[in-house]
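Notes follow once the structure below has been shown.
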Amino acid sequence: MDTQTLFQQHIDALQQRWSDALHNTLPDCDAILVHSGGSHNYYADDHAPPFKAWGHFLRWLPLDRPDQFVLFTPGNKPRLLAWVPSDFWHDQTLNTESWWADSIDITVMENLSELAAQLPRGQTLAFLGENAGLAAELGIAADRINPAALLSWLDFDRAVKTDYEISRLREANVHALRGHAAAEQAFRAGGDEYDIHQAYLAACRVLDQELPYSNIIALNEKAAILHYQNKRRYADRASQPENQVLLIDAGCRAHGYCSDITRTWAAADAHPVFHDLLLGMQTLQEELVQRVKPGTSFVSLHRQAHVAIAQLLVDNDICHGNAETLVDNGTSTVFFPHGLGHLLGLQVHDVGGRLASRKGDIAAPPEAWPGLRNTRTLDAGAVVTIEPGLYFIPALLEKARGSSLGKSINWTLAEELMPFGGIRIEDNVLATSDGAVNLTRGA
Ligand SMILES: [Mn+2]
């Protein structure tokens with residue numbers, strides 16, 4: 001199906017879903033005004049960080065710029081109220097493409113002060129977005145500005161993707177995999193973290209600021225830092241340590257939709273146990289991916305990941321004992337201290353991961369794993385990441401060594417493996433009634 005048709009179907013589905021949300025949460029409201037967000041300068045500066053439009057705005061149309069508005073009225077074509085200032089400092093061209101713009105009524109405003117006059121008279125509006133002050137100036141009542149009930153409903157609903165959204169997520173995977181292939185090559189060729197990062201950007205033909213999140217490009221022991229942010233560069237190649245391991249966590253965006261992919265590569269002469277762990281992690285990751293389907297409890301899947309990782313640690317003589325016991329007493333968490341994954345969409349960590357219902361009930365993560373971002377039972381159409389990890393994190397290992405957990409760890413081997421950092425393997429997976437669809441491997 002062509003993108004234009006997919007997009008029109010997406011808009012039709014959003015009309016239905018947002019009408020239901022409005023009728024169920026704010027029956028006295030006639031329409032919703034959604035703000036893309038504002039651009040904010042750094043403190044006491046006249047420069048701003050790159051702008052990213054808010055997810056609930058981007059879901060209506062792929063226009064990533066500040067101070068744009070969507071007016072949703074049940075039964076009507078959605079309206080874009082586009083602020084296009086007269087400005088000779090920047091390119092203010094409003095880039096509309098017919099495949100999406102044909103589904104939207106577009107009104108261009110040269111000044112933001114024209115917004116009030118564009119809104120329907122005699123109607124009661126709700127406002128969604130960061131600028132509550134602007135909403136108040138427009139005469140919107142405080143209890144209709146970001147109403148919690150409406151937001152919970154819409155956040156919960158974001159988990160289930162339309163066919164258009166799935167096509168964009170696939171596209172974001174296709175783009176990112178080009179970068180991952182180039183990054184692996186740069187790693188094998190002896191590049192440093194900076195070189196690998198640049199190889200990724202060039203292969204994807206993107207700017208840093210266009211990435212869904214800042215690339216994690218971690219060589220050797222840095223692979224043990226979950227959100228490692230540096231890109232080490234060596235002016236003098238002779239001083240650069242040999243590349244043993246690359247952990248790269250990097251995605252792309254397609255019309256706002258994100259991919260989030262992690263790969264771990266090891267040099268042929270890396271520690272043989274590290275190679276065995278890498279193979280074991282690849283196998284268990286693929287098995288977990290297959291279990292993504294409607295009705296799957298993500299909390300239960302997260303526990304299954306822990307048991308599989310604990311078994312891998314036992315099989316490789318890094319831990320002693322029974323896998324279930326190692327999970328229950330917290331030993332597996334020393335090696336796998338983050339969640340198995342999260343919802344994915346217009347935000348990398350998409351909204352609603354801990355919502356148990358449209359009504360806003362919260363499903364808290366288990367006490368042992370407070371960082372788990374997704375506690376939902378998966379619906380058909382949900383897209384999640386599956387990203388088990390196994391790391392040798394000095395701070396966590398040291399803490400374990402001083403506690404009762406330390407007795408079940410083979411310290412000689414753990415110390416030998418520390419310079420190799422760790423492993424994470426992450427794919428983006430769609431739950432369907434026919435089972436799991438791996439958007440990354442299938443891309
Ligand atoms: Mn992720």
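The values are calculated or read from the model by the stated rules, or taken from the named source; none is laboratory data. Note that the structure is predicted; figures quoted are calculated from it, not measured. Cβ: placed from backbone, ideal geometry, glycine included. Neighbour counts: every protein chain shown.
Within segment 403-431, track down each residue that is exposed (fewer than 15 other Cβ atoms within 10 Å of the Cβ) and hydroxyl-bearing (Ser, Thr, Tyr).
Ser403, Ser404, Thr412
Among the residues of segment 153-162, is there at least one that is surrounded by fewer than 20 Cβ atoms within 10 Å (Cβ to Cβ) and within 19 Å of Gly37 (Cβ to Cβ)?
no
Within segment 71-123, how many residues are of a type in the set (S, T, N, Q), in a helix (DSSP H, G or I) and more than 25 Å from Asp28 (Cβ to Cβ)?
The initial filter retains those residues of segment 71-123 that are of a type in the set (S, T, N, Q), namely 73, 76, 86, 92-93, 95-96, 98, 103, 107, 111, 113, 118, 123.
The next check asks that each one be in a helix (DSSP H, G or I); those that pass are 98, 113, 118.
Filter once more, so that each one left must be more than 25 Å from Asp28 (Cβ to Cβ): 98, 113.
Total meeting the criteria: 2.
What number of residues within segment 369-404 are away from the ligand (no atom under 15 Å from the Cβ), in a loop (DSSP other than H, G, I, E, B) and either touching a residue at least 40 places away in the same chain (Cβ under 8 Å) or within 19 Å of Asn438 (Cα to Cα) (or both)?
9
Would you confirm whether any residue within segment 302-312 is touching a residue at least 60 places away in the same chain (Cβ under 8 Å), in contact with a Lys or Arg (Cβ under 6 Å, 6 or more places away or on another chain) and within 30 Å of Arg253 (Cα to Cα)?
no
Of Ser239, Ser300, which residue is at pLDDT below 95, surrounded by fewer than 19 Cβ atoms within 10 Å (Cβ to Cβ) and more than 16 Å from the ligand (Cβ to nearest atom)?
Values: Ser300 fails: at pLDDT below 95.
Criteria check complete, one pass: Ser239.
Inside segment 289-301, can you point out the residues that are out of contact with any Lys or Arg (no Cβ under 6 Å at 6 or more places or on another chain), under 15 Å from Gly341 (Cα atoms) and not aliphatic (A, V, I, L, M)?
Once the filter is applied, which keeps residues that are out of contact with any Lys or Arg (no Cβ under 6 Å at 6 or more places or on another chain), under 15 Å from Gly341 (Cα atoms) and not aliphatic (A, V, I, L, M), segment 289-301 yields Gln290, Arg291, Lys293, Thr296, Ser297, Ser300.
Working only within segment 242-266, note down all residues that are away from the ligand (no atom under 16 Å from the Cβ) and over 21 Å from Leu312 (Cβ atoms).
Taking segment 242-266 first, the residues away from the ligand (no atom under 16 Å from the Cβ) are 242-246, 254-256, 265-266.
Across segment 242-266, the qualifying residues are Glu242, Asn243, Ala254, His255, Gly256.
Starting from segment 417-431, take each residue that is of a type in the set (Lys, Arg) and list its partners that are within 12 Å of the ligand (Cβ to nearest atom) and outside any strand (DSSP E or B), counting only C-beta distances under 6 angstrom and pairs at least six apart or across chains.
These pairs meet every condition: Arg424/Glu387.
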